[in-house]
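The structure appears right after this line, and notes come after that.
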Amino acid sequence: MKNDKKSSLKNGQESQFRFRVVFAFAVVLGACFGTNATAGPFGGKDMMGGRVGVWVNTGDDGTAISITGLDQKVSSANLYGELHYSHALSNFFRADVGLGVSNRSDITATGNSFTGQINIYPIQVALRVYPLGGFGLGKLYPYILGGAGLYIGSQTGSSFRSFTSASKTATDLNYVIGAGIDIPVAETIAISTAAKFYKIDFGSGKFLGLQDYSGYSITAGVSYIIPGTGAKKK
């Protein structure tokens with residue numbers, strides 16, 4: 001009984017912490033809108049693009065899991081890709097929206113009667129902070145970021161013998177932090193790099209008996225600098 005009370009108290013404290021993180025981010029983001037971004041990185045223009053790289057697990061270790069009748073390929077590192085849109089708010093701030101995907105495990109039952117996989121979909125809303133504003137280091141524009149993430153875990157699967165589905169999903173609202181460097185190489189093209197940490201807790205035993213699916217990604221890609229966009233000078 002005492003353990004149940006402690007667990008409920010801990011879950012309540014974690015929920016309050018997550019709410020405060022999201023609320024603080026929303027306040028900062030709202031304060032930045034409407035400011036002059038014409039002198040910021042890339043002339044205050046919006047950017048959109050994609051990045052690919054690696055996802056490294058820092059949560060529960062699934063590589064040692066053994067379930068009778070199942071062959072699950074859970075690795076500590078996986079391919080990760082994401083699409084992002086970055087809106088200029090001021091000389092030093094950008095609002096960043098990202099949608100990513102990483103395959104965490106492939107599952108095959110004995111005799112190949114069942115196949116499935118577990119994917120993680122991070123949906124992030126973050127604030128980028130460029131400490132040097134529009135100056136940068138030559139053509140390098142370093143930034144840090146922090147914000148909220150809605151993390152969706154999806155297990156998909158099917159049984160070929162009985163034609164039944166074994167799909168399920170789980171969600172978690174938590175935080176994302178990171179840093180990166182933007183490098184303009186042409187008037188409308190930039191190289192984008194990012195390293196992010198994602199805190200993900202789906203609860204006990206959601207997928208393969210694991211709870212903590214936290215991890216970090218290291219990615220690089222190309223961004224399109226959109227002419228005629230960004231915050232307007234008042």
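The numbers here are math on the coordinates, done by the rules we state, and not lab data. Everything numeric in this text was worked out from a predicted model, so none of it was measured. Positions of Cβ are generated from backbone atoms using ideal geometry, with glycine treated the same way; all protein chains shown enter the neighbour counts.
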Notebook entry, point to check: When a footprinting reagent is the concern and you count Cβ atoms within 10 Å, what order do L150, L210 take, fewest first?
Noted result: L150, L210
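Please report K199, K168 as a ranked list, fewest other C-beta atoms within 10 angstrom at the top and most at the bottom.
Working: K199 19, K168 13.
Fewest-to-most ranking of K199, K168: K168, K199.
When a footprinting reagent is the concern and you count Cβ atoms within 10 Å, what order do Y130, Y198 take, fewest first?
Values: Y130 20, Y198 25.
Fewest-to-most Cβ neighbours within 10 Å comes out as Y130, Y198.
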